[in-house]
1. Using alpha carbons only, how many degrees (0 to 90, rounded to 10) separate the axis of helix 310-329 from the longest principal axis of the chain?
2. Answer with a single label: of (i) 39, 22, 18; (ii) 35, 27, 16; (iii) 43, 23, 21, which was calculated as semi-axes √(5λ) of the Cα gyration tensor in Å from the structure in view?
3. Determine, for each peptide in 135-143, 165-173, the mean count of other beta carbons within 10 angstrom over its residues, then list the peptides with the highest first.
4. Round to a whole angstrom and tell me the spacing of the C-alpha centers of the range 8-82 and the range 197-224.
5. Quick one: putting +1 on the C-beta of Lys and Arg, -1 on the C-beta of Asp and Glu, what dipole do you get for the chain around its Cα centre, in Debye to the nearest 20?
6. Rounded to the nearest 500, what is the chain's calculated 222 nm mean residue ellipticity when only DSSP H runs of at least 4 contribute -39500 (n - 2.57) each, over all residues?
7. Work out which chymotrypsin sites (Phe, Trp or Tyr not before Pro) in the chain are exposed loop sites (DSSP not H, G, I, E or B, at most 12 other Cβ within 10 Å) and give the longest gap free of them.
8. With θ taken as phi - 60° and the coefficients 6.51, -1.76 and 1.60, list the Karplus ³J(HN,Hα) couplings across the range 260-269 in order, rounded to whole Hz; mark glycine and proline as x.
Amino acid sequence: GYQAILPYAIAQAGFVMGITLLVVLAGVTDWTIRLVVINAKLSGRDSYVDVMHHTFGHFGSASVSFFQFAFAFGGMCAFNVIIYVIPQVEVRVKLTFFRTGDTIPHVIAYVLPSLAQHAFLRLLVDRRIVIVLCNVGISFPLSLHRDIVKLSKSSSFALVSMFVIVTSVVLRGVAVEPALRGSSLHVFSFIRPGVFEAIGVISFAFVCHHNTMFIYQSIETPTLDRFNAVTHASTGMSLVCCLLMAVTGYVVFTDKTQGNILNNFGPDDLLINIARFCFGANMSTTIPLENYVCREVIGDCFFKDKPFSQRRHVILTGLIVFTTMGSAYFG
């Protein structure tokens with residue numbers, strides 16, 4: 001789902017520089033992910049925190065714990081805010097306007113426009129209600145898994161969703177109506193002033209170092225060769241999808257490119273609405289991965305020498321999920 005923000009990065013950095021940054025940062029990501037595991041092997045440790053403690057002492061372990069938690073927690077907040085809060089579409093029914101978010105609420109309003117006329121069911125197109133339903137019905141139950149391997153099916157769904165989003169943008173971008181297209185002037189610029197903003201956007205799309213060791217330990221027989229193969233395949237596939245999405249989205253919309261490329265398309269585009277749904281569902285199934293990191297960091301810091309408690313597990317999971325949900329609900 002992160003690919004939806006990449007056309008905006010190209011628009012900010014310039015066509016040539018944007019593509020260069022995508023390729024370079026994908027390569028750096030591939031290298032540094034493998035470096036995390038290599039360092040763990042060399043130090044005889046099995047977690048990012050333990051590696052930093054072995055190398056830099058308590059300051060190192062405290063620092064990496066803080067940044068792991070901050071990035072994962074911030075990511076969960078961002079997923080809720082990006083998906084559900086930003087009002088992009090107004091659905092007019094008689095004299096009343098209902099604000100809907102730019103993904104799941106929008107799709108519900110598109111598929112079932114009559115809901116807005118119903119006294120109770122109209123709540124299903126309200127962005128705040130959708131936040132609660134998605135977190136209570138999807139993100140929270142998935143986050144309760146103690147074993148990250150149990151999230152493999154939801155991750156597979158997220159992968160399929162990514163292909164749907166990319167395919168939808170590529171197919172509909174070619175046939176989009178002229179009124180929605182951007183200017184054809186200076187499309188293939190070399191560099192633009194927003195290059196540093198673009199670096200941040202692209203880095204956010206690629207970064208996954210905070211859960212690298214958890215993924216490595218989930219491999220049935222965790223060896224460097226196997227992990228290297230998985231890393232190369234994953235970053236390579238991700239780069240191809242990112243390039244397709246970024247180039248197609250930017251070339252079509254150029255100066256009109258929005259932060260979420262799906263918002264550049266019309267509200268009644270069937271294929272794009274399917275992509276919008278996949279985008280929202282993708283983020284909802286990604287939240288549990290970030291929650292896993294947050295929970296593990298808290299456990300390492302405060303409960304490392306204590307036996308597992310199901311009650312504590314549920315409370316911690318709920319606090320993390322619903323606190324991040326609140327950032328969007330009250331945002």
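A short reminder: the numbers here are calculations on the coordinates, not readings from a lab. This structure is a prediction, so every number in the text was calculated from the model and none was measured. No Cβ is skipped: glycine too gets one built from the backbone with ideal geometry, and neighbour counts run over all protein chains shown.
1. The helix 310-329 is inclined about 30 degrees to the chain.
2. Step by step, semi-axes √(5λ) of the Cα gyration tensor in Å for this structure corresponds to label (ii).
3. Numbers: 135-143: 19.1, 165-173: 20.7.
For the peptides 135-143, 165-173, the packing ranking is 165-173, 135-143.
4. 7 Å
5. Around 560 debye, computed over the chain.
6. Details: 12 runs with 216 residues, N = 331.
Using -39500 (n - 2.57) per qualifying helix, the result is -22000 deg cm²/dmol.
7. Working: sites that count: PHE120, PHE188, PHE190, PHE308, PHE330.
Result, exposed sites excluded: 1-119.
8. 10, 4, 5, 6, 6, 8, x, x, 10, 7
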